[in-house]
Amino acid sequence: MVKGYVAKKLLVEGQDDLRVIPELIEKNGIRWGDKKKEAIVLIEDCGGYENIDANLISTELRASGLTHLGVIIDADEDLSVRWISIRNACLPSIPDIPEEISETGLIHVTNNGIKFGIWIMPDNQTRGMLETFFAYMIKDEAETIWQYAQEVAQEAKNKGASFKDSYFDKAKIYSWLAWQEEPGRQLHQAIKYKILNPQHPKAQTFLIWFKTLYDL
């Protein structure tokens, strides 16, 4: 997975993370770069959490020229289980990794001097996922429709909608996005066109972690 000289890298679970993070960073005043080779951080879609394992982390940390490595994953249904899992994947390469992750995310300098970080969506404290995090950014004036979107998602589930319980947060926010001025926007577009509020305090906690990790 390691190709060439990359100083700053971020491992994510999927395409949604890959698309939304640059938009969120740019909307908070940091230029990301128009092309992949100009990007301030190279993001790699790992194709699911199960692929972010001890072997991958070890390989990435040994890559020539690496100075910063971040990992963003979803808590899903149980934050503590996910933290234990990702910490165990890190332990062979980072034996002194802290035992706990704080609400501001984890940043740790390895014995080889690499700045390493972990953020567990949505906020390092609760169950949820990327979509849970972006639901925090729904503007106050949209709260009534947001409440209704949550009720509709629950009612659809009650009537036999086939999405998994763990995908409730996805169902809720995409229902809400379907009712905007231009229906059907994706999450990265919702940030780009300011349907969501990228300056929300919950977003700022993530931004501080990201900027501190990558020395931006």
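The values are calculated or read from the model by the stated rules, or taken from the named source; none is laboratory data. As the structure is a prediction and not an experimental result, all values here were calculated from the model. No Cβ is skipped: glycine too gets one built from the backbone with ideal geometry, and neighbour counts run over all protein chains shown. Calculation scope for accessible area: heavy atoms of the full protein, side chains included, ligands and nucleic acids excluded. Shrake-Rupley method; radii C 1.70, N 1.55, O 1.52, S 1.80 Å.
Mind grabbing the base-10 log of I(q)/I(0) for the range 94-216 at q = 0.11, 0.17, 0.21 Å⁻¹? Debye formula, identical points on the C-alpha positions, no solvent, two decimal places. Values returned for q = 0.11, 0.17, 0.21 Å⁻¹ are -0.47, -0.91, -1.18. Between the entries [x] 18.6; [y] 18.1; [z] 21.0, the label attached to Kirkwood radius over Cα pairs in Å calculated for this structure is [y].
Straight-line cross-link reach from K37 at under 17 Å between alpha-carbon atoms covers these aspartates and glutamates, not counting any fewer than eight positions away in the same chain: E23, E26, D45.
In degrees, nearest 10, range 0 to 90: what is the angle between the Cα axis of helix 143-158 and the longest Cα principal axis of the chain? That helix lies at roughly 90 degrees to the long axis.
When S93, S162, S64 are compared by accessible area of protein heavy atoms, the largest-first order is S162, S64, S93, using a 1.4 Å probe.
Lysine pairs, Cα distance under 16 Å, 8 or more residues apart or cross-chain: how many in the range 145-210? Close lysine pairs found across the range 145-210: 5. Ranking I120, A153, A135 by how far each Cα lies toward the positive end of the dipole of the range 80-153 (charges on Cβ) leaves I120 at the top. Using only side-chain charges placed at the Cβ, +1 for Lys and Arg and -1 for Asp and Glu, the dipole size of the chain relative to its Cα centre rounds to 720 debye.
The GluC sites (Glu not before Pro) of the range 87-188 that DSSP puts in a loop, and whose beta carbon has at most 16 other beta carbons within 10 Å, are E99, E100, E103, E181. Treating the angle as unsigned and between 0 and 90°, give the value, to the nearest 10°, between the Cα long axis of helix 201-214 and the longest Cα principal axis of the chain. It is inclined by approximately 20 degrees. On full extension, the segment bounded by E50 and Q199 gains 50.5 nm, given 0.36 nm per residue less the C-alpha separation. Taking every C-alpha pair closer than 8 Å and separated by at least 6 residues, the mean separation divided by the residue count of the chain gives a relative contact order of 23 percent.
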